[in-house]
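S.K.: Could you have a look at this structure, given as structure tokens, before my questions?
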Amino acid sequence: MNETPSPGDLTSAAITKPLDDVIDSDAFIPRLLALLSNALVWRESMLLRREFSLGTNDWRVLSALGVRPGSSATDVSEFLVMNKAVVSKAVNVLISRSLIASTDGPRGSRNLFLTPAGVDMHNMMLPISLAGEDALLSQLSAGEVAQLRVLLGKLMSQIPRLANKET
């Protein structure tokens, strides 16, 4: 029979020294990108919740519909590379606040559009998001920002490959 070790047994067997083969956390690009993203999302979410009682996911859906009016929730999910359940929750919040409206689309889908109140909300939220980008890029020259955009575009082109479960 397999017995579960007691907490005392686990503590005495705990590894207390760093492993030899580890990721260099100061140079590992996925970690650095995640830290930057997390810092931006945390800042934006805090400000959006305080000002508008909406969060970052709600803002992302509003922003996506500003760019792609008439998208379905699935389209928005794919465009934002976000979980469909998260997008669905945001859509429901935005509909309940009359910031977006839905119409029946093909095969039972709902086409989503900003309402006039949604356009106003988008326009009030936009400066918060842009200020975060400005703060992030403030130490870079215009040329470095342009180069970063090119490099990020190359990295973004790998999203379909990363989504492939076989790679």
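S.K.: Would you say Thr16 is part of a helix (DSSP H, G or I), surrounded by fewer than 17 Cβ atoms within 10 Å (Cβ to Cβ), among the hydroxyl-bearing types (Ser, Thr, Tyr) and at pLDDT below 90?
M.R.: Working: part of a helix (DSSP H, G or I): no; surrounded by fewer than 17 Cβ atoms within 10 Å (Cβ to Cβ): yes; among the hydroxyl-bearing types (Ser, Thr, Tyr): yes; at pLDDT below 90: yes.
So Thr16 fails the test.
S.K.: Report, by residue number, each residue of region 144-167 that is of a type outside the set (Lys, Arg) and not in a helix (DSSP H, G or I).
M.R.: First, pick out the residues of region 144-167 that are of a type outside the set (Lys, Arg): 144-148, 150-153, 155-160, 162-164, 166-167.
Result: Ser157, Gln158, Asn164, Glu166, Thr167.
S.K.: Let me ask something else about it. Surrounded by 12 or more Cβ atoms within 10 Å (Cβ to Cβ), touching a strand residue (DSSP E or B) at 6+ places or on another chain (Cβ under 7 Å) and not hydrophobic (A, V, I, L, M, F, W, C): which single residue out of Thr103, Thr115 fits that description?
M.R.: Values: Thr103 fails: surrounded by 12 or more Cβ atoms within 10 Å (Cβ to Cβ).
Within the list Thr103, Thr115, the selection yields Thr115.
S.K.: I'm trying to understand the selection: among the residues of region 38-54, which are closer than 19 Å to Arg97 by Cβ and in contact (Cβ under 8 Å) with a residue 24 or more places away in the chain? Full working, then the answer.
M.R.: Of all residues in region 38-54, those closer than 19 Å to Arg97 by Cβ come to 44-45, 47-54.
Scanning region 38-54 gives Glu44, Leu47, Leu48, Glu51, Phe52, Leu54.
S.K.: Checking the structure you have, find out if any residue of region 136-143 is closer than 26 Å to Leu47 by Cβ, touching a helix residue (DSSP H, G or I) at 6+ places or on another chain (Cβ under 7 Å), assigned to a helix (DSSP H, G or I) and at pLDDT below 95.
M.R.: Checking region 136-143: at least one residue is closer than 26 Å to Leu47 by Cβ, touching a helix residue (DSSP H, G or I) at 6+ places or on another chain (Cβ under 7 Å), assigned to a helix (DSSP H, G or I) and at pLDDT below 95.
S.K.: List the number of the failed condition for Leu148; all other conditions in (1) under 19 Å from Leu40 (Cα atoms); (2) among the aliphatic types (A, V, I, L, M); (3) modelled with pLDDT under 95 hold.
M.R.: Among (1) under 19 Å from Leu40 (Cα atoms); (2) among the aliphatic types (A, V, I, L, M); (3) modelled with pLDDT under 95, the lone unmet condition for Leu148 is (3).
S.K.: Every residue in region 109-167 that is closer than 30 Å to Arg49 by Cβ and among the polar types (S, T, N, Q), please.
M.R.: Ser109, Asn111, Thr115, Asn123, Ser129, Ser138, Gln139
S.K.: While we're here: Look at Val76 and say whether it is modelled with pLDDT of 95 or more, surrounded by 17 or more Cβ atoms within 10 Å (Cβ to Cβ) and closer than 22 Å to Ala117 by Cα. I'd like the intermediate steps shown before the answer.
M.R.: Values: modelled with pLDDT of 95 or more: yes; surrounded by 17 or more Cβ atoms within 10 Å (Cβ to Cβ): yes; closer than 22 Å to Ala117 by Cα: yes.
So Val76 fits the description; yes.
S.K.: Now for a separate question. Take the residues in region 44-73 that are of a type in the set (D, E, K, R) and under 16 Å from Pro127 (Cα atoms), then tell me which one is surrounded by the most Cβ atoms within 10 Å (Cβ to Cβ). Full working, then the answer.
M.R.: Just the residues of region 44-73 that are of a type in the set (D, E, K, R), to begin with: 44, 49-51, 58, 60, 68.
This time we only want the ones that are under 16 Å from Pro127 (Cα atoms), so: 44, 49-51, 58, 60.
Values: Glu44: 20, Arg49: 13, Arg50: 9, Glu51: 11, Asp58: 24, Arg60: 20.
The residue in question is Asp58.
S.K.: Just give me the residues in region 84-126 being in contact with a helix residue (DSSP H, G or I) (Cβ under 6 Å, 6 or more places away or on another chain) and free of Cβ contacts under 8 Å to residues at least 12 places away in the same chain, in sequence order.
M.R.: Lys84
S.K.: If you don't mind, there's one more thing I want to ask. Out of Leu35, Leu62, I need the residue that is aliphatic (A, V, I, L, M) and out of contact with any helix residue (DSSP H, G or I) (no Cβ under 9 Å at 6 or more places or on another chain). Which one? Lay out the reasoning, then the answer.
M.R.: Details: Leu62 fails: out of contact with any helix residue (DSSP H, G or I) (no Cβ under 9 Å at 6 or more places or on another chain).
It is Leu35.
S.K.: Here is a further query. Here are some conditions: (1) surrounded by 12 or more Cβ atoms within 10 Å (Cβ to Cβ); (2) free of Cβ contacts under 8 Å to residues at least 60 places away in the same chain. Ser129 meets all but one. Which one does it not meet?
M.R.: Going through (1) surrounded by 12 or more Cβ atoms within 10 Å (Cβ to Cβ); (2) free of Cβ contacts under 8 Å to residues at least 60 places away in the same chain one by one, Ser129 breaks only (2).
S.K.: On the given criteria, is Ile95 in contact with a strand residue (DSSP E or B) (Cβ under 9 Å, 6 or more places away or on another chain) and surrounded by 12 or more Cβ atoms within 10 Å (Cβ to Cβ)? Step through it out loud before you land on a result.
M.R.: Values: in contact with a strand residue (DSSP E or B) (Cβ under 9 Å, 6 or more places away or on another chain): yes; surrounded by 12 or more Cβ atoms within 10 Å (Cβ to Cβ): yes.
Considered against the rule, which asks whether it is in contact with a strand residue (DSSP E or B) (Cβ under 9 Å, 6 or more places away or on another chain) and surrounded by 12 or more Cβ atoms within 10 Å (Cβ to Cβ), Ile95 comes out as yes.
The values are calculated or read from the model by the stated rules, or taken from the named source; none is laboratory data. Remember, predicted model here, so these are calculated numbers, not experimental data. Here Cβ is always computed from backbone atoms with ideal geometry, including for glycine, and neighbour counts include all displayed protein chains.
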